[in-house]
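What follows is a single structure, written as structure tokens, with notes after it.
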Amino acid sequence: MKGSHRHLWLWAVTILAAVAVAAVQVPETVTLDKAKNKQAPVVMPHKVHADKYACDTCHHTQKGLTAEATEVKPCASCHLDPEKPETPSMREMSLSKNPFHKLCIDCHKKEAKGPTKCAECHKK
């Protein structure tokens, strides 16, 4: 009886640990499609970036953000908010003003890795 309780306990702990690990997994990809009426959506390899950089590298308004977070603010909550005109808008198509273009392309150039041209991200 004692041995079967131990096995049951170990089984329960293993299942709970697996659930906890699965709960903090970041998505493999994130689709950025708020400008889909102007450009093809971008499917970003999120996990590749999350494995290499701190979350707040991109989620810059959420300092200290980790994979365990339950609430991640979408970029559009600021970058498409008409009440925040001082915030660069995702609707801006220029490479120098669109926040995604600036953040992503600047980093890709600095790292000498990753797409830097429109069609490399906006695949038709």
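Taken together, the values in this text are just the output of simple stated rules run on the coordinates, not laboratory data. Keep in mind it's a predicted model, so treat the numbers as computed, not measured. Here Cβ is always computed from backbone atoms with ideal geometry, including for glycine, and neighbour counts include all displayed protein chains.
Some points to look at:
- In terms of overall dimensions, region 27-121 has a Cα radius of gyration and Dmax of 13.3, 36 angstrom.
- Between residue 65 and 56, the built amide H atoms are under 5 Å apart, and every one of these is 5 or more places off in sequence or on another chain.
- For residue 30, the residues whose amide H sits under 5 Å from its own are 44, 46, ignoring neighbours fewer than 5 places away on the same chain, with H placed 1.01 Å from N.
- Neighbour-count ranking [beta-carbon atoms within 10 angstrom, fewest first] of 6, 91: 6, 91
- Under Karplus coefficients 6.51, -1.76 and 1.60, residue-wise ³J(HN,Hα) of region 72-81 in Hz, glycine/proline x: 10, 6, x, 3, 4, 4, 10, 7, 10, 8
- Residue pairs, from the table 36/63; 52/84; 34/63; 84/109, whose Cα atoms sit over 27 Å apart: 36/63; 52/84; 84/109
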